[in-house]
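Here the structure is laid out as structure tokens; the discussion comes afterwards.
The values are calculated or read from the model by the stated rules, or taken from the named source; none is laboratory data. Treat the numbers as computed from the prediction; the structure is a model and nothing was measured. Counting neighbours? That spans all protein chains shown, and the Cβs are built from the backbone with ideal geometry, glycine included. Side chains are part of the model used for accessible areas, which takes the heavy atoms of the whole protein and leaves out ligands, DNA and RNA. Shrake-Rupley method; radii C 1.70, N 1.55, O 1.52, S 1.80 Å.
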Amino acid sequence: LRLAATTALVSRKDVIIVASVSCIYGLGSPEEFGKGTVVLQVGQIYRRNALIRQLVESQYQRNDVELRSGTFRVRGDTLEIVPAYEDKRGYRITFFGDEVERIMQFSPLTGEVFDEPKEVSIFPAKQYLTDTERMKESIANIEKEMEERLALFKEQGKLIEAQRLEQRTRYDLEMLREVGYCSGIENYSRQLDGRAPGTHPWTLIDFLPSDYLMILDES
């Protein structure tokens with residue numbers, strides 16, 4: 001739901017969100033989220049392999065058997081994708097060579113076609129995205145902070161706590177290296193965003209366009 005709220009904020013101007021305290025829950029950088037957005041237009045040229053790689057970098061998973069939220073599949077000249085913030089509607093993009101010939105919004109369950117838009121925006125499947133170089137730097141910073149914390153626990157005689165911390169953190173770091181994401185990634189938001197210690201994480205407010213913020217200030 002937070003992902004759906006985020007995509008609505010950056011793509012529409014008729015959005016009202018009623019939420020609990022989760023609305024101030026830490027999110028990824030709005031800039032990196034925008035970079036991970038894939039925009040497709042009928043008649044435009046796209047290298048299909050590059051497009052697939054971009055979807056993977058936006059944390060979409062290829063699944064040629066079961067099409068569900070956050071996955072895509074490729075069949076011949078057709079690419080089908082269900083955005084991570086949707087569960088009943090997906091997009092079928094047909095290519096003629098490297099040109100987008102047709103875009104259809106359809107039901108992954110029944111195959112029913114709802115619409116044929118000329119342009120669609122596919123937003124990332126995860127809140128946290130970062131480029132390769134920043135990821136390497138973030139992992140190094142996380143490891144450094146982990147070593148400092150482990151040394152403190154061992155000094156205090158908290159060996160069990162140190163062991164648990166090391167096991168969990170090293171597992172998370174391995175996931176970040178391999179797939180760019182891990183469960184509980186928000187725990188590493190400061191390092192991933194490159195923020196200084198003590199600074200606040202990104203929230204839904206940071207995804208509001210500037211004209212939204214102007215209206216809020218005036219009211």
Study note, to complete from the structure: Cross-link reach from Lys158 to aspartates and glutamates, straight Cα distance under 13 Å and at least 8 residues apart if same chain, gives Glu166
Study note, to complete from the structure: Summing -39500 (n - 2.57) over every DSSP H run of at least 4 in the chain, dividing by its residue total and rounding to the nearest 500, the 222 nm mean residue ellipticity is -12000 deg cm²/dmol
Exercise for review: Would you kindly calculate the translational diffusion coefficient of the stretch 4-109, applying Stokes-Einstein with the Kirkwood radius from alpha carbon pairs, for 20 °C and a viscosity of 1.002 mPa s, and quote it in µm² s⁻¹ without decimals?
Suggested key: 141 µm²/s
Exercise for review: Express the accessible area of the chain per residue in Å², computed with a 1.4 Å probe while the remaining protein chains stay in the model.
Suggested key: 61 Å²
Study note, to complete from the structure: Looking only at lysines whose Cα falls under 28 Å of Lys118's and that sit 8 or more positions away or on another chain, we get Lys13, Lys35, Lys88, Lys126
Exercise for review: Write down the Kirkwood hydrodynamic radius of the stretch 95-186, to one decimal in angstroms, obtained as one divided by the mean of 1/r over all alpha carbon pairs.
Suggested key: 17.2 Å
Practice item. Quick one: among Val42, Val15, Val120, which has the greatest mean-square fluctuation in a GNM of the chain with alpha-carbon springs under 10 angstrom? Key: Val15
Practice item. Note the angle between two axes, namely the Cα long axis of helix 159-179 and the longest principal axis of the Cα atoms of the chain, as a number of degrees from 0 to 90, rounded to the nearest 10. Key: 30 degrees
**Study point:** Rg to Rh, two decimals, where the stretch 162-201 supplies the alpha carbon set and Rh follows Kirkwood
**Key:** 1.01
Revision key, fill the gap. In terms of the charge dipole of the stretch 43-143, which places +1 on Lys and Arg and -1 on Asp and Glu at the beta carbon, the residue among Phe96, Leu109, Gln44 farthest towards the positive end is Leu109
